[in-house]
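Take a look at the structure below.
The values are calculated or read from the model by the stated rules, or taken from the named source; none is laboratory data. Not measured: the values here are computed from a predicted model. Because the Cβ atoms are built from the backbone with ideal geometry, glycine has one as well, and the counts that use them run over all protein chains shown. What goes into the accessible areas is simple: the full protein's heavy atoms, side chains included, and nothing from ligands, DNA or RNA. Shrake-Rupley method; radii C 1.70, N 1.55, O 1.52, S 1.80 Å.
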Amino acid sequence: MNTKSIDILNVGLILLSLFLAVQIPFSLFVFAYALLGPLHYFTEINWLSSKQYFVKDTWWVGLVIGLCVLLVIPKFFAEPNFSSLYGIQSLQPLLNFLLYWSNAIIFLLLAIALILISTQKTSFRVVFIGLAFVAAYFFHTAPLYATIIGLLVPTLIHVYLFTLLFMIFGAMRSRSRWGYVAVGLVIMVPFVIGSSYINPQAYLFPDYVKQTMIENSFYKVNIMFGEFLGLTDQTNYEFEAFFMDPMIVKIQVFIAFSYIYHYLNWFSKTTVIGWHRNLTTKRTLLIFGSWLALAGIFLWDYKIGFYAVLFFSFLHVFLEFPLNWISIKGIVGKLVPAKL
């Protein structure tokens with residue numbers, strides 16, 4: 001398929017994603033996260049590796065893997081079901097320390113990715129990274145910083161904003177009219193959802209879906225994102241009231257759309273970015289075998305599946321940071337004349 005055909009396909013996928021998100025916002029998200037999410041993580045990480053992660057520094061991937069481990073381990077053992085495991089109590093001070101500074105890990109990876117794609121001068125890098133450490137320390141207690149870095153960057157900023165920026169950069173490079181149509185539609189989606197009438201009583205929320213949203217803390221994204229936008233002002237919901245709040249349901253429609261389209265957009269652009277080209281037989285079997293195993297774990301116990309895939313979820317988000325910055329620089333470069 002050529003670029004025009006892919007862009008037309010994506011217009012259709014945007015409309016399909018929005019339709020499904022409006023119809024089954026909670027169930028769609030729970031399904032997509034478990035089934036499409038892991039396959040997306042594995043295939044994108046494989047593609048990024050073929051591109052040397054868009055940085056010239058070979059230590060970048062090792063740094064990301066190491067910090068991902070430090071980020072995931074305390075979240076895993078913070079869960080009541082896992083915190084009682086033998087020997088964990090002696091490590092609790094260290095786990096609490098890592099959990100306390102988890103947002104700083106994400107912030108520092110964003111900053112390091114920016115400086116790596118901006119300059120090769122060691123002195124500039126050392127100064128910039130030092131300033132990033134200082135900023136992470138002083139911003140740590142700021143609620144806005146915690147919401148943006150800790151909550152939104154790994155979730156909605158990744159699946160909606162970064163996807164949109166990548167689409168804008170792609171449309172600018174290809175000068176595709178259908179690419180710009182797709183960009184316009186994605187920009188319009190939150191406004192369409194926000195201005196639409198939502199009657200939560202018209203929705204069916206299966207008990208399994210409710211339980212999954214609650215047990216895996218997915219509901220916290222709705223509440224905190226709503227507070228961030230100034231649309232909700234409650235931090236403690238009775239869970240039945242949570243599913244019956246029109247604004248919460250609207251936010252969930254947007255979340256479901258963002259995730260399902262993020263995944264579909266990735267798989268639709270196979271021939272454009274060629275993420276399949278370095279898939280050897282061995283890698284293909286490893287990826288699909290791992291994906292099927294995780295799908296089985298999710299079916300068996302969604303919570304265990306969530307934690308089984310959490311490392312790869314964070315890993316693909318962080319390894320993409322250099323590409324995100326490259327897209328932003330590319331868009332700015334197209335908009336701002338080189339002589340300015």
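Listed values, structure above:
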quantity: Those residues of segment 244-269 which are free of Cβ contacts under 8 Å to residues at least 60 places away in the same chain and either open to solvent by less than 10 Å² (accessible area, probe 1.4 Å) or part of a helix (DSSP H, G or I) (or both), in sequence order; calculated: Pro246, Met247, Ile248, Lys250, Ile251
quantity: Selection from segment 296-312 of residues that are open to solvent by 20 Å² or more (accessible area, probe 1.4 Å) and not acidic (Asp, Glu); calculated: Gly296, Ile297, Leu299, Trp300, Lys303, Ile304, Phe306, Tyr307, Ala308, Phe311, Phe312
quantity: Condition met for Val186 (open to solvent by less than 10 Å² (accessible area, probe 1.4 Å) and in a helix (DSSP H, G or I)); calculated: yes
quantity: Qualifying residues in segment 195-228 (those that are part of a loop (DSSP other than H, G, I, E, B) and within 17 Å of Phe31 (Cα to Cα)) - the one nearest to the chain's Cα centre (by Cα); calculated: Phe218
quantity: Selection from segment 206-236 of residues that are surrounded by 18 or more Cβ atoms within 10 Å (Cβ to Cβ) and at pLDDT below 85; calculated: Thr232
quantity: Any hit, segment 96-106, residues being loosely packed, with under 15 Cβ neighbours inside 10 Å and outside any helix (DSSP H, G or I); calculated: no
quantity: Answer from Leu110, Leu114 - the residue that is open to solvent by less than 60 Å² (accessible area, probe 1.4 Å), under 19 Å from Trp325 (Cα atoms), modelled with pLDDT of 80 or more and out of contact with any Pro (no Cβ under 9 Å at 6 or more places or on another chain); calculated: Leu110
quantity: Exclusive hit being of a type in the set (A, V, I, L, M) and over 20 Å from the mean Cα position of the chain (by Cα), set Leu319, Leu323, Leu279, Leu294; calculated: Leu279
quantity: Residue in segment 51-62 that is at pLDDT 80 or above, assigned to a helix (DSSP H, G or I) and loosely packed, with under 12 Cβ neighbours inside 10 Å present; calculated: yes
quantity: Per-region count, segment 132-178, residues among the polar types (S, T, N, Q) and in contact with a His (Cβ under 9 Å, 6 or more places away or on another chain); calculated: 1
quantity: In segment 270-314, the residues that are of a type in the set (A, V, I, L, M, F, W, C), part of a loop (DSSP other than H, G, I, E, B) and out of contact with any Asp or Glu (no Cβ under 9 Å at 6 or more places or on another chain); calculated: Leu279
quantity: Test: Val192 is open to solvent by less than 40 Å² (accessible area, probe 1.4 Å), in a helix (DSSP H, G or I) and at negative phi; calculated: no
quantity: Matching residues, segment 14-35, being surrounded by fewer than 19 Cβ atoms within 10 Å (Cβ to Cβ) and within 30 Å of Arg175 (Cα to Cα); calculated: Leu15, Leu16, Phe19
